[in-house]
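Engineer: This is the structure I have questions about; it appears just below.
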């Protein structure tokens, strides 16, 4: 593993305006060319977190997927964030992983937010995704997934290597629950012996909900390497591979964990 540079793009997502958001976030990302390996955008960054926006849901052949491919190629970095996407008979809160070479992976949000009736409009994903970047294993997840540690739990492969080294969360996490957001990001990093990056939005959405940002990159001890306040900001943090490996060697807690499998049925 080489060191990995990750950029958090914390913005004020426009309400129900996919084209406007592509232009807005594209402008925030443009200065990152050649300076980062991974760019993270918020959950549902083209629309805001809205059940009513599903009428605008695009397909995988739509403009936003192509835009993400174009951005990744222009920046020379992976670009990742979640979008409302129609696939077959379902609409998913889908986190895209767009690589500079034009290839694409995706993760569909597993845990739908019943408090906001998300399950009435969206289909739930089933499988966890792990992708590789510069030798790092990366596990992308979406917002409410943060509250479910079993699904997010790190495990060891048969060769003794952890399933992932970096866990990502993109979110629309309202200000009244900001303490839970900050606490759970740290918990996931500590228990999984990995780096964690959480990217939230700022501003106020079309439902009147306020977002305080609080995006952060957390190390394997639960300490913040970077923290954002409640303003538009782009911040890049370098994750140190050697420090992660040394900590896992000194403190091999994953080897003492319980063996289990996840039934996503």
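The values are calculated or read from the model by the stated rules, or taken from the named source; none is laboratory data. Bear in mind that the values here come from a model prediction, so they are computed numbers and not experimental data. We place every Cβ from the backbone using ideal geometry, glycine too, and count neighbours over all the protein chains shown.
Engineer: Restricting attention to the range 154-181, which residues are in contact (Cβ under 8 Å) with a residue 60 or more places away in the chain and over 27 Å from residue 48 (Cβ atoms)?
Structural biologist: 154, 155, 156, 160, 162, 165
Engineer: Under the condition of being crowded, with 18+ Cβ neighbours inside 10 Å and within 14 Å of the chain's Cα centre (by Cα), which residue from the range 116-136 is nearest to residue 38 (Cα to Cα)?
Structural biologist: Result: 131.
Engineer: Restricting the range 132-158 to residues that are part of a loop (DSSP other than H, G, I, E, B) and out of contact with any helix residue (DSSP H, G or I) (no Cβ under 8 Å at 6 or more places or on another chain), which is farthest from residue 93 (Cα to Cα)?
Structural biologist: Ranking the qualifying residues of the range 132-158, first place goes to 158.
Engineer: Somewhere in the range 209-225, is a residue over 24 Å from residue 38 (Cα atoms) and either at pLDDT below 95 or surrounded by fewer than 24 Cβ atoms within 10 Å (Cβ to Cβ) (or both)?
Structural biologist: Narrowing the range 209-225 to residues over 24 Å from residue 38 (Cα atoms): 209-210.
Okay, now just the ones that are also either at pLDDT below 95 or surrounded by fewer than 24 Cβ atoms within 10 Å (Cβ to Cβ) (or both), so 209-210.
Among the residues of the range 209-225, at least one is over 24 Å from residue 38 (Cα atoms) and either at pLDDT below 95 or surrounded by fewer than 24 Cβ atoms within 10 Å (Cβ to Cβ) (or both), which makes the answer yes.
Engineer: For residue 161, are the conditions met, namely being modelled with pLDDT of 95 or more, surrounded by fewer than 16 Cβ atoms within 10 Å (Cβ to Cβ) and either touching a helix residue (DSSP H, G or I) at 6+ places or on another chain (Cβ under 7 Å) or within 21 Å of residue 263 (Cβ to Cβ) (or both)?
Structural biologist: So residue 161 fails the test.
Engineer: Within the range 13-27, which residues are more than 18 Å from residue 66 (Cβ to Cβ), in contact (Cβ under 8 Å) with a residue 40 or more places away in the chain and touching a helix residue (DSSP H, G or I) at 6+ places or on another chain (Cβ under 8 Å)?
Structural biologist: Residues satisfying the conditions are 13, 16.
Engineer: So, in the range 1-33, of the ones that are part of a loop (DSSP other than H, G, I, E, B) and under 16 Å from the mean Cα position of the chain (by Cα), which residue ends up nearest to residue 119 (Cα to Cα)?
Structural biologist: Narrowing the range 1-33 to residues part of a loop (DSSP other than H, G, I, E, B): 1-3, 11-17, 33.
Right, trim to under 16 Å from the mean Cα position of the chain (by Cα) and you get 11, 13.
Numbers: 11: 26, 13: 22 Å.
In this case the residue turns out to be 13.
Engineer: If you don't mind, another one. Quick one: which of 240, 184 is within 27 Å of residue 49 (Cβ to Cβ) and modelled with pLDDT of 95 or more?
Structural biologist: Checking each option against the conditions leaves just 184.
Engineer: Moving to a separate point now. Take residue 36 and decide whether it is buried (at least 17 other Cβ atoms within 10 Å of the Cβ), in a loop (DSSP other than H, G, I, E, B), modelled with pLDDT of 95 or more and in contact with a helix residue (DSSP H, G or I) (Cβ under 6 Å, 6 or more places away or on another chain).
Structural biologist: no
Engineer: Can residue 41 be described as at pLDDT 95 or above and under 18 Å from the mean Cα position of the chain (by Cα)?
Structural biologist: Values: at pLDDT 95 or above: yes; under 18 Å from the mean Cα position of the chain (by Cα): yes.
So residue 41 passes the test.
Engineer: Kindly indicate whether any position in the range 94-115 is out of contact with any helix residue (DSSP H, G or I) (no Cβ under 6 Å at 6 or more places or on another chain), more than 23 Å from residue 39 (Cβ to Cβ) and part of a helix (DSSP H, G or I).
Structural biologist: Yes: one or more hits.
Engineer: Quick one: how many residues across the range 49-84 are within 18 Å of the chain's Cα centre (by Cα) and either in a strand (DSSP E or B) or under 17 Å from residue 198 (Cα atoms) (or both)?
Structural biologist: 8
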